[in-house]
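Asks: Handing you a structure now.
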Amino acid sequence: MKKKSAAAAIAALIVVALGFFASFFLSFTDGKDENYTITLPGQGSAVIDTNPEMEQSNRDQLQTVQVDRSNVRAVIARLQRPASYQYQAETSYFYRESKTVLRSQVWKEDTRTRISQFTADGEPGQQILLTENWVYLWGMEGAYVRYARQTQDADLYSRAPSYEDILNMSADRVLEGGTAELDGHLCLYVKTLDEQTGETVQWYVLAENGLLCYAEGSLDGRTTYEVRITDLQPEGSAYTTFLLPDGTQPE
């Protein structure tokens, strides 16, 4: 009975989450070759740990190509990335007189992703484990439920997009592309248009490791949301990170 109650509660959370984040997933759209600079407001520099050999390889690659709207997605696709890494994601949604901030801790290793969502008070909330075919969800009581994977599960549960969203969207929706500087880090910059909402979205992908570090949506000159990726560490996670709460391996 306890398991059924926990499953019902988690299912309810999923329905709410799906409704809240359905408008978050972005499409794409023609610009010219430019360099861009952005200064993040009020938060200081993101903590980014890097692999020197990977960073140098990616920088060498960027020196051989002029990045613009026509090829920015192809350049992002060719960047080297760590096989496993972890980071913190903070997504802020801005309304006319208020904002909502959502935070998550994410661990990635090959085809598996572990996510810990945090409440508004900073306490651990829903726990998620994604494998190639399944989504496992559980709360602090430890009883879990399992669902078949859907296309946007990683963005939905981590509550933030990734560089893969850029690669998966049609090239004809890219408005601008080039290189950029973000808090002293060399980035690939992409500006896109969401034709359904009318929002323009700016994406910044770190050249040193090929991962998204910042995204910002705007509409009619007003920022609608922003995503910050911080404490990015390209390293392996503990063995227990990808275990289910009962200590077993996921399928």
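Just so it is clear, none of the values below were taken in a lab; they were calculated from the coordinates. From a predicted model like this one, the values you see are computed outputs, not experimental measurements. Note that we place each Cβ from the backbone using ideal geometry, even for glycine, and neighbour counts take in every protein chain shown.
Asks: Mind checking which of GLN105, SER84, GLN61 is farthest towards the positive end of the stretch 56-133's charge dipole, using Cβ charges of +1 (Lys, Arg) and -1 (Asp, Glu) about the Cα centre?
Replies: GLN61
Asks: How much net charge surrounds GLY198 when only the other residues with a Cβ under 13 Å from the Cβ of GLY198 are counted, with Lys and Arg +1 and Asp and Glu -1?
Replies: -2
Asks: Continuing with this model, one more query. Quick check: net charge around ALA238, other residues with Cβ under 12 Å of its Cβ, Lys/Arg +1 and Asp/Glu -1?
Replies: -1
Asks: Further question on the same structure: If packing is taken as the average number of other Cβ atoms within 10 Å across a peptide's residues, how do 200-210, 169-179 rank, most packed first? Present the calculation step by step, with values, prior to reporting the outcome.
Replies: Values: 200-210: 23.1, 169-179: 18.0.
Top of the packing list down: 200-210, 169-179.
Asks: How far apart, in nm, are the 7 Å Cα→Cβ label points at ALA77 and PHE94?
Replies: With each label point 7 Å from Cα toward Cβ, the separation is 3.3 nm.
Asks: Lys and Arg at +1, Asp and Glu at -1: add these up for the other residues within a Cβ distance under 14 Å of LEU167 and post the number.
Replies: For residues surrounding LEU167, the net value is +1.
Asks: Is the shape of the stretch 67-116 rounded, prolate or oblate, going by the alpha carbon gyration tensor and its root eigenvalues a ≥ b ≥ c, with a/c under 1.5 for rounded and a/b larger than b/c for prolate? Intermediate values should be presented prior to the final figure.
Replies: Details: a/c = 4.28, a/b = 1.27, b/c = 3.37.
Verdict is oblate for the stretch 67-116.
Asks: Taking 8 Å as the Cα distance limit and 6 or more residues as the minimum spacing, I'd like the relative contact order of the stretch 110-251 as a percentage.
Replies: 15
Asks: Another question about this same structure. Could you give the size of the charge dipole of the stretch 73-194 about its Cα centre, using +1 on the Cβ of each K and R and -1 on the Cβ of each D and E, expressed in debye and rounded to the nearest 20? Before the final figure, lay out the partial values.
Replies: Numbers: 14 positive and 17 negative charges, 43 e Å.
Charge dipole of the stretch 73-194: 200 debye, to the nearest 20.
Asks: Sorting check: for 186-195, 62-71, 129-138, which peptide has the highest mean count of neighbouring beta carbons within 10 Å, and how do the rest follow?
Replies: Values: 186-195: 21.2, 62-71: 13.9, 129-138: 17.9.
The packing order, highest mean first, is 186-195, 129-138, 62-71.
Asks: Let me ask something else. Starting with the highest mean, order 54-60, 111-117, 245-251, 91-97 by the number of other Cβ atoms within 10 Å, averaged over the residues of each peptide.
Replies: Highest-to-lowest ranking by the protection proxy: 111-117, 54-60, 91-97, 245-251.
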